[in-house]
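Here is the structure we will look at.
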Amino acid sequence: MARCIYCGSRGGFWSEICADCKKLLARVKELRGRVGYGEFLDGLEATGVVKGKIKTFLQADPDGKGSIQDQVTAEMASELMKVMGLKGNQSPQDVKRIRKMVEKQSR
Ligand SMILES: [Zn+2]
């Protein structure tokens, strides 16, 4: 039996992603680029997956491209910068700073 590449739980019987993370991943695809961070988190919680698992899922980095949380935050940040007329990619440091800002606002 394989372990889930996102949350590390057993139970990925026929795939490397467990049922919960599969649900979350589908929801991420649906939501990313369309909603703010707070709504994004609400949308993930609406799947019924426990909060702790969502957190683990968001922070997982199975393919080394950055965690889903950082990818989504970077997208939102770039979008925000575009709206404000600023161009350019955000460095990981910027993303971390912006993420803290966004998280504070969403609570
Ligand atoms: Zn999982």
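Observations on the structure shown:
- Among (1) within 10 Å of the ligand (Cβ to nearest atom); (2) closer than 20 Å to Lys96 by Cβ - the single one Lys55 does not satisfy: (1)
- Among the residues listed as Leu24, Leu41, Leu80, Leu31, the single one being at pLDDT below 85 and either under 23 Å from Lys100 (Cα atoms) or away from the ligand (no atom under 16 Å from the Cβ) (or both): Leu80
- Some residue of segment 22-29 being small (Gly, Ala, Ser) and free of Cβ contacts under 8 Å to residues at least 12 places away in the same chain: yes
The values are calculated or read from the model by the stated rules, or taken from the named source; none is laboratory data. Not measured: the values here are computed from a predicted model. Cβ: placed from backbone, ideal geometry, glycine included. Neighbour counts: every protein chain shown.
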